[in-house]
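Enquirer: I'd like to ask some things about the structure below.
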């Protein structure tokens, strides 16, 4: 687990905490390391969760399948991001979504009770982690609002324009690479893949954009 301490140092959760302080906190926070192969479930719908999870290697998707197998990607988690915090309150209930590794991935799980309860010595860095967790949750809520902005658009084209415009702004460039393949992008925007691909081709023919696989350039 020690080899991932430099990764934890770069996360929002441990912002302002030194690597030495993080190392000394791992046992205090009940840290446990788990690895998953591509396609394996990190968490399953219906499970109870009492941990905050930080991805330290790979990439995972938060997704949900309906009764007929139609999939919606609700979000992606990249290295350094945490997830599961929405379900750790006593009355939160079971997980409503699956968390699946889309690459070989490694996570560290922290006992939420130990995270939010500062140790008897009242160490400075533990208090900082509690504060950082609050800020990280606020940031995730902002991303959720952004996705709702895409989803509120009426047509496939409007959803694509909303999402691609946000990505261009995030990269500060008209040329950028998105973290989804075609099927994943369709699942993320909750649109039909064929209809979305047709719309992308129309937008390209109209001179609005260029693309190759998941590389885009807005014109």
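Enquirer: Using r as the Cβ-Cβ distance of residue 10 and residue 206, and R0 as 35 Å, what FRET efficiency do you calculate, to the nearest 0.05?
Expert: Here the calculated transfer efficiency is 0.30.
Enquirer: Report the gain in length on full extension from residue 155 to residue 78: 0.36 nm times residue separation, minus Cα-Cα distance, nm rounded to one decimal.
Expert: This chain segment gains 24.9 nm when fully extended.
Enquirer: Between the helical axis of 124-151 and the dominant principal axis of the chain, each derived from Cα atoms, what acute angle in degrees is found, rounded to the nearest 10?
Expert: Tilt relative to the chain: about 20 degrees.
Enquirer: Tell me, how many Å apart are the Cα centres for segment 1-75 and for segment 141-219?
Expert: Cα centroid to Cα centroid, the span is 27 Å.
Enquirer: At what distance in nm do the modelled label points of residue 192 and residue 23 sit from each other, each positioned 7 Å from its Cα along Cα→Cβ?
Expert: 5.8 nm
Enquirer: Just 168, 136, 31 to compare: in a GNM of the chain, with alpha carbon springs under 10 Å, which one fluctuates most?
Expert: 168
Enquirer: Would you mind checking segment 29-52 for residues with the amide N under 16 Å from a putative spin-label position 7 Å along Cα→C-beta of residue 89?
Expert: From segment 29-52, the list is 49-52.
Enquirer: Next question, about the same structure. Can you give the helix-only mean residue ellipticity at 222 nm for the chain, where every DSSP H stretch with n ≥ 4 adds -39500 (n - 2.57) and the sum goes over all residues, rounded to the nearest 500 deg cm²/dmol?
Expert: Calculated mean residue ellipticity at 222 nm is -11500 deg cm²/dmol.
Enquirer: How far apart, in nm, are two points set 7 Å out from the Cα along the Cα-to-Cβ line at residue 137 and at residue 1?
Expert: 2.3 nm
Enquirer: Quick one: if the Förster radius is 25 Å, what FRET efficiency do residue 103 and residue 65 give, using the C-beta to C-beta distance and rounding to 0.05?
Expert: 0.80
Taken together, the values in this text are just the output of simple stated rules run on the coordinates, not laboratory data. Remember, it's a predicted structure, so these values are computed and weren't measured experimentally. Heads up, the Cβs are rebuilt from the backbone with ideal geometry, glycines too, and the neighbour counts pull from every protein chain shown.
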